[in-house]
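The values are calculated or read from the model by the stated rules, or taken from the named source; none is laboratory data. Treat the numbers as computed from the prediction; the structure is a model and nothing was measured. Cβ coordinates were reconstructed from backbone atoms using ideal geometry, including for glycine residues, and neighbour counts include every protein chain displayed. Surface areas here come from the heavy atoms of the whole protein model, side chains and all, with no ligands, DNA or RNA. Shrake-Rupley method; radii C 1.70, N 1.55, O 1.52, S 1.80 Å.
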Amino acid sequence: MALNEQRSKDDAAEEQIEYEKGVKHLCEKGHIRAVPKKYILPVAERPTKTVKDSNVLNQNLQLPIIDFAELLGPNRPQVLQSLANACQQYGFFQLVNHCISDDVVRTMIDVSGRFFDLPLEERDKYMTTDMGAPVRCGTSFSQTKDSVLCWRDFLKLLCHPLPDFLPHWPVSPLDFRYAEETRQLFLVVMEAILESLGIMEKEEKESVMEEFENGSQMMVANFYPRCPEPELTLGIPPHSDYGFLTLLVQDEVEGLQVQYQDKWVTVQPIPNAFVINVGDHLEIYSNGKYKSILHRVIVNEVKSRVSVASLHSLPFNTTVKPSPKLVDEDNPKRYMDTDFATFLAYVSSQEPNKKDFLDSRKLL
């Protein structure tokens, strides 16, 4: 009996090691006709496209569109108002006519996809559960904590200051142009968001922007393989992002869903547009005026999907707190001060769930 128990434990440990090598590895081992049990969500958490499910809208969501060229032109006041409305009502918007060329965006998506085409032996060099590693290849959402794994592999790259981290990056992807240009785009959009919040005084705005100049940036390349039973699992579960803003580019395959008016709706990709969303830090900084919104990723059985997210915030050692400009008698402070170390400690101690971390920082 003891021998059989030990064999079961050994088999389970070996199976777990296989899972930690990623979904791509499982698919490469052989044709998967069914989703392994480890990836099957409880019934209540599974995605569905049936009309009977009142939590899912069957039509796609047209996010607010912000024209970057208009933002820099004489119509800036009107665009700032549209930006404020988007951050308050949706927590998401699509940015078009921006300054990053189609070629740079397409190349980043292409080289990200090619990284996941590398042999496992190459990808394995960067596999680690160390959340502070400059380069981290992994799988699922939080692979050491997830009770159910997600149908997703990822490559996370710390990007700023770029000369510090570039030597650690894999040969593929090695498109530092995208990291640099995305960071510059973030700074311009973030300055506009400060203005949309009413933070117009030169000294205060310059002080905040100086912190963002020295702030953190992490790029995440996501790969979602074709899935034989997409109705049983998710690419990423419902969550919000921790930083100020996330700038996302994606291929032509749908997958991103946003919770809007308590329903899940699919975002229709616009070629060469950035999908930008409010993060938890911006919700805290705005004292709740702008909201980080739950979003998730669904998978499909026809095509794999690639996306690249660039997450931006203040420096890792900086305290994030509501702007004094947005706190008064009518709008008391709604969030505790926080920092990245607090976030890491929280997510390292338990399985991430929706907006639990942000909820833990609320005062009201």
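Specify the residue that is surrounded by the fewest Cβ atoms within 10 Å (Cβ to Cβ); the eligible residues are those in region 316-364 that are of a type in the set (Ser, Thr, Tyr) and in a loop (DSSP other than H, G, I, E, B). Don't jump to the end; show me each part of the working.
Here is the first cut: in region 316-364, the residues of a type in the set (Ser, Thr, Tyr) are 318-319, 323, 335, 338, 342, 346, 348-349, 360.
With in a loop (DSSP other than H, G, I, E, B) added as a condition, the list becomes 318-319, 323.
Working: Thr318: 16, Thr319: 10, Ser323: 17.
Across region 316-364, the extreme among qualifying residues is Thr319.
Residues that are in contact with a Ser or Thr (Cβ under 6 Å, 6 or more places away or on another chain), at pLDDT 95 or above and farther than 24 Å from Gln62 by Cβ do occur in region 283-306. If you go through region 281-295 and keep only what is touching a Pro at 6+ places or on another chain (Cβ under 7 Å) and surrounded by fewer than 21 Cβ atoms within 10 Å (Cβ to Cβ), you end up with just Leu294. Within the option set Phe92, Phe115, being closer than 14 Å to Tyr178 by Cβ, aromatic (Phe, Trp, Tyr) and out of contact with any Asp or Glu (no Cβ under 6 Å at 6 or more places or on another chain) holds for one residue only, Phe115. Of all residues in region 252-272, those being on the phi < 0 side of the Ramachandran plot, more than 16 Å from the chain's Cα centre (by Cα) and open to solvent by 60 Å² or more (accessible area, probe 1.4 Å) number 4. In summary, Gly138 fulfils each of the numbered conditions (1) open to solvent by 50 Å² or more (accessible area, probe 1.4 Å); (2) under 17 Å from the mean Cα position of the chain (by Cα); (3) at pLDDT 90 or above with the single exception of condition (1).
Here Tyr224 fulfils each of the conditions (1) within 29 Å of Ser304 (Cβ to Cβ); (2) modelled with pLDDT under 95; (3) of a type in the set (Ser, Thr, Tyr) apart from (2).
In this entry, Ile236 is excluded by the filter for residues that are of a type outside the set (D, E, K, R) and touching a helix residue (DSSP H, G or I) at 6+ places or on another chain (Cβ under 8 Å). Pairs are defined by a Cβ separation below 6 Å, a sequence spacing of at least 6 or placement on different chains, a first member in region 88-105 that is closer than 28 Å to Gln261 by Cβ, and a second member that is among the basic types (Lys, Arg) and crowded, with 16+ Cβ neighbours inside 10 Å; the pairs so defined are Gly91/Lys291.
If you go through region 191-208 one residue at a time, how many are aliphatic (A, V, I, L, M), surrounded by 14 or more Cβ atoms within 10 Å (Cβ to Cβ) and at pLDDT below 95? I'd like the intermediate steps shown before the answer.
Initial filter on region 191-208 (aliphatic (A, V, I, L, M)): 192-194, 197, 199-200, 208.
Next, only the ones that are surrounded by 14 or more Cβ atoms within 10 Å (Cβ to Cβ) stay: 192-194, 197, 199, 208.
Checking the rest, the ones that are also at pLDDT below 95 come to 199, 208.
Residues flagged as aliphatic (A, V, I, L, M), surrounded by 14 or more Cβ atoms within 10 Å (Cβ to Cβ) and at pLDDT below 95 within region 191-208 amount to 2.
Confirm whether Glu180 is free of Cβ contacts under 8 Å to residues at least 40 places away in the same chain and loosely packed, with under 14 Cβ neighbours inside 10 Å.
Values: free of Cβ contacts under 8 Å to residues at least 40 places away in the same chain: yes; loosely packed, with under 14 Cβ neighbours inside 10 Å: no.
No, not satisfied.
Screening Ser310 with (1) farther than 20 Å from Tyr90 by Cα; (2) part of a strand (DSSP E or B) gives one miss only, at (1).
Name the single residue, out of those in region 77-102 being closer than 24 Å to Asp280 by Cα and among the small types (Gly, Ala, Ser), that is most open to solvent (accessible area, probe 1.4 Å). My answer is Ser82.
Can you name every residue in region 223-236 that is within 27 Å of Ala179 (Cα to Cα) and either open to solvent by less than 10 Å² (accessible area, probe 1.4 Å) or out of contact with any strand residue (DSSP E or B) (no Cβ under 6 Å at 6 or more places or on another chain) (or both)? Working first, answer last.
So in region 223-236, the residues within 27 Å of Ala179 (Cα to Cα) come out as 223-225, 235-236.
Listed by number, the residues that qualify are Tyr224, Pro225, Gly235.
For the residues Val299, Val308, Val275, the requirement of being surrounded by 22 or more Cβ atoms within 10 Å (Cβ to Cβ) and over 28 Å from Ser82 (Cβ atoms) singles out Val299. Say whether the condition of being touching a residue at least 12 places away in the same chain (Cβ under 8 Å), more than 23 Å from Glu252 (Cβ to Cβ), part of a helix (DSSP H, G or I) and open to solvent by less than 10 Å² (accessible area, probe 1.4 Å) is met by at least one residue in region 108-126. So far as region 108-126 goes, yes, one or more of its residues are touching a residue at least 12 places away in the same chain (Cβ under 8 Å), more than 23 Å from Glu252 (Cβ to Cβ), part of a helix (DSSP H, G or I) and open to solvent by less than 10 Å² (accessible area, probe 1.4 Å). Does Thr266 satisfy the condition of being hydroxyl-bearing (Ser, Thr, Tyr), out of contact with any helix residue (DSSP H, G or I) (no Cβ under 6 Å at 6 or more places or on another chain) and outside any strand (DSSP E or B)? The answer is no for Thr266. All conditions in (1) in contact with a Gly (Cβ under 8 Å, 6 or more places away or on another chain); (2) basic (Lys, Arg); (3) over 24 Å from Arg123 (Cβ atoms) hold for Arg305, with the sole exception of (3).
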